[in-house]
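Colleague: My questions all concern the structure below.
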Amino acid sequence: MDFSINSQQKEIVDLVKQIVDREIRPRAIDMDRSGKIPDELLQILVSSGVTSMAVPAAYGGPGLGVDTLGLLYEELGRGCAGVATVCAANALASYPVLIAGTEEQKKRFFDSVLSGRMAAFALTEPGAGSDAGAVSCRAEKTEGGYRLTGIKCFITNGPIADQIVVFANTRKTGGIRGLTVFLADSSMEGFSIGKIEDKMGIRASATSELIFDHCFVPEENRIGREGMGFRIAMETLDHSRAVVGAVSVGIAQAALEAAVIYAHQRKQFGVKVASFEMVQQMIADMAMETEAARALVQKACWMQEKEDPQSGVMAAMAKCLASDTAMKVSTTAVQVMGGNGYSKENQAEKYMRDAKVMQIYEGTNQIQRLVIANGVSY
Ligand SMILES: Cc1cc2nc3c(=O)[nH]c(=O)nc-3n(C[C@H](O)[C@H](O)[C@H](O)COP(=O)(O)OP(=O)(O)OC[C@H]3O[C@@H](n4cnc5c(N)ncnc54)[C@H](O)[C@@H]3O)c2cc1C
């Protein structure tokens with residue numbers, strides 16, 4: 001395994017780093033307060049290709065490898081985990097299309113993402129979180145297509161998405177054998193946006209309910225065969241978990257940087273607090289843990305790029321370890337900064353709030369541990 005960054009990767013990472021430092025970081029506190037990403041920033045992200053960086057070359061995108069994408073999502077996470085989540089949701093929604101879509105569906109979906117339209121992945125429901133097989137949104141067969149009825153909740157990009165990859169059940173009796181994927185459009189009759197969540201963290205990313213009320217979706221918008229939905233969902237999450245790990249490493253890195261800068265400025269007892277051994281220990285632990293998480297995330301991305309059969313388990317390890325690390329490192333950053341770390345004027349407390357959801361979405365860390373325990377055998 002080679003951890004060195006080649007010149008092409010460096011060029012792209014530097015470009016995203018510039019966008020992060022110039023456009024995202026200066027707006028992060030305002031976005032956290034307002035609870036939304038400004039249109040102006042979204043346009044910058046669209047025009048610079050950040051919202052479409054996971055589009056394959058065959059469909060007009062940059063065709064970046066997973067190892068490069070991991071580095072870019074870490075950078076975005078360092079800038080603002082909410083913004084990283086907005087961009088990552090486009091990639092999350094693209095996996096079902098890539099896994100089981102027709103050429104026409106892939107072309108349509110990626111053309112739309114490249115033109116700046118946003119996407120959402122709608123699996124979770126009030127009664128179906130960790131238990132994805134319990135989806136009750138119904139897809140009733142009708143002439144020329146299906147009528148979708150049900151409520152999805154906690155959907156990232158819900159209020160701003162044009163394309164929605166939605167999981168619904170074609171069987172009246174429910175169960176995973178009827179789970180089927182559809183490509184819906186927010187302009188379809190019978191579709192509406194429900195409650196918008198007022199969240200603890202990643203506030204730049206909008207999260208909402210999506211309501212389907214006998215929403216007609218034509219047959220040509222079904223992705224894969226009826227009943228393939230559960231397999232598509234699990235494969236999608238295997239692919240996307242390393243990205244959550246990468247964003248988590250970015251949060252940990254941002255928290256570490258903030259703590260180190262502060263510790264070298266703040267004086268108590270006549271000296272910089274960075275000179276106290278107990279503060280040094282906190283900083284050393286933060287640095288070690290962040291590097292260890294980064295190494296595991298990069299390994300997971302590298303294995304995914306090589307299509308290693310164990311890459312799904314490695315991605316679960318990377319997501320779990322990196323998000324636990326982001327939570328721990330950001331909490332320690334608040335401690336290093338004392339009262340100022342607890343104030344909303346600094347970003348340390350934002351990193352803590354942002355890190356929390358990394359342990360929850362795309363499969364809680366308890367579910368990751370189940371995947372890992374079931375996936376390791378010697
Ligand atoms: C900000 C945000 C954005 C999100 N974005 C999306 C999105 O874009 N699309 C989407 O489809 N979903 C999205 N989600 C939903 C997210 O994936 C779910 O919240 C997550 O899968 C957990 O489901 P739940 O919240 O229903 O928790 P539950 O499943 O109710 O879990 C509650 C607790 O029980 C534990 N638990 C559950 N089952 C087990 C088990 N078998 N063994 C051990 N412990 C268990 C969990 O770990 C957790 O601690 C988002 C959530 C949030 C908060």
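The values are calculated or read from the model by the stated rules, or taken from the named source; none is laboratory data. Only a predicted model underlies this, so the values are computations on that prediction, with no experimental measurement involved. Heads up, the Cβs are rebuilt from the backbone with ideal geometry, glycines too, and the neighbour counts pull from every protein chain shown. Heads up: the accessible areas ignore ligands, DNA and RNA and are worked out on the full protein's heavy atoms, side chains in. Shrake-Rupley method; radii C 1.70, N 1.55, O 1.52, S 1.80 Å.
Colleague: Could you pull out every residue, at least 5 positions away or on a different chain, whose amide H is within less than 5 Å of the one on ARG266? Hs are placed 1.01 Å off N in the peptide plane, and Pro or chain starts have none.
Modeller: Amide H neighbours of ARG266: VAL273.
Colleague: Give the peptides 7-17, 288-298 in descending order of average Cβ contacts within 10 Å, highest first. Write down the numbers at each step before the final one.
Modeller: Values: 7-17: 14.2, 288-298: 20.7.
Highest mean packing first, the order is 288-298, 7-17.
Colleague: Further question on the same structure: Within the range 125-207, list the trypsin sites (Lys or Arg not before Pro) lying in a DSSP loop whose Cβ has at most 13 other Cβ atoms in a 10 Å radius.
Modeller: On the way: sites: ARG138, LYS141, ARG147, LYS152, ARG171, LYS172, ARG177, LYS195, LYS199, ARG203; in loops: ARG171, LYS172, LYS199, ARG203.
Loop-located and lightly packed - LYS172.
Colleague: What's the FRET efficiency of LEU15 with ALA287 using the Cβ-Cβ distance as r and R₀ = 25 Å, to the nearest 0.05? Don't jump to the answer; show the numbers that get you there.
Modeller: Working: r = 26 Å, r/R0 = 1.05.
Calculated transfer efficiency: 0.45.
Colleague: Oh, and also: Please give the charge dipole size of the range 179-289, origin at the Cα centre, charges +1 on K and R Cβ atoms and -1 on D and E Cβ atoms. Round to the nearest 20 debye. Intermediate results must be reported in sequence, preceding the final value.
Modeller: Values: 10 positive and 15 negative charges, 135 e Å.
Computed about the Cα centre, the dipole is about 640 debye.
Colleague: Let me ask you something else. How big is the range 216-350 by the Kirkwood estimate over distinct Cα pairs, in Å? Show your work: numbers first, answer last.
Modeller: Values: mean 1/r = 0.0592 Å⁻¹.
In the range 216-350 this quantity evaluates to 16.9 Å.
Colleague: For the chain, taking Cα atoms only, what is the radius of gyration to one decimal and the Dmax to the nearest whole Å?
Modeller: Calculated on Cα positions, Rg and Dmax stand at 20.9, 79 Å.
Colleague: Okay, moving on. Anything over 24 Å Cα to Cα? Flag those among LYS106/LYS195; LYS10/LYS299; LYS17/LYS319; LYS152/LYS306; LYS17/LYS350, in the order listed.
Modeller: On the way: LYS106/LYS195 30 Å; LYS10/LYS299 18 Å; LYS17/LYS319 22 Å; LYS152/LYS306 34 Å; LYS17/LYS350 20 Å.
LYS106/LYS195; LYS152/LYS306, as the Cα separations exceed 24 Å there.
Colleague: While we're on this one: Along Cα→Cβ, 7 Å out, is where each label goes; now give me the distance between the ones at ASP30 and GLU143 in nm to one decimal.
Modeller: The answer from the label model is 5.3 nm.
Colleague: Under a straight-distance cross-link criterion of Cα-Cα below 16 Å, which aspartates and glutamates are reachable from LYS107, leaving out those fewer than 8 residues away in the same chain?
Modeller: Cross-link targets: ASP162, ASP185, GLU220.
Colleague: Right, something else. Given +1 on the Cβ of Lys and Arg, -1 on the Cβ of Asp and Glu, and no further charges, what dipole in debye does the chain carry about its Cα centre, rounded to the nearest 20? Intermediate values should be presented prior to the final figure.
Modeller: Values: 39 positive and 44 negative charges, 133 e Å.
Computed about the Cα centre, the dipole is about 640 debye.
Colleague: Then there is this: Kirkwood Rh and Cα-based Rg: tell me the resulting Rg over Rh for the range 286-330, rounded to two decimals. Each step should come with its number before you reach the end.
Modeller: Numbers: Rg = 10.8 Å, Rh = 10.5 Å.
So for the range 286-330, dividing Rg by the Kirkwood Rh gives 1.03.
Colleague: LYS272: which aspartates and glutamates have alpha carbons under 20 Å from its alpha carbon, excluding same-chain residues fewer than 8 sequence positions away?
Modeller: GLU257, ASP285
Colleague: Largest first, what is the accessible-area ranking of THR170, THR51 with a 1.4 Å probe?
Modeller: Numbers: THR170 30, THR51 5 Å².
Listed by decreasing accessible area, they come as THR170, THR51.
Colleague: With equal scatterers on the alpha carbons only and no solvent term, can you work out the Debye log10 of I(q)/I(0) for the range 119-227 at 0.11, 0.13, 0.20 1/Å?
Modeller: Result of the Debye calculation: -0.30, -0.42, -0.98.
Colleague: What list of ³J(HN,Hα) couplings, whole Hz, do you get for the range 81-98 from phi and the Karplus terms 6.51, -1.76, 1.60, once you set θ to phi - 60° and write x for glycine and proline?
Modeller: 5, x, 5, 4, 5, 4, 6, 5, 5, 4, 5, 4, 5, 7, 4, x, 5, 5
Colleague: How much mean residue ellipticity at 222 nm does the chain get from its helices, if each DSSP H run of length 4 or more adds -39500 (n - 2.57) and you divide by all residues, to the nearest 500 deg cm²/dmol? Mind showing how you got there, number by number?
Modeller: Details: 12 runs with 194 residues, N = 378.
Rounded to the nearest 500, it is -17000 deg cm²/dmol.
Colleague: Given H placed 1.01 Å from N in the peptide plane, which residues other than close sequence neighbours of MET118 have an amide H under 5 Å from its amide H?
Modeller: The answer is ASP162, GLN163.
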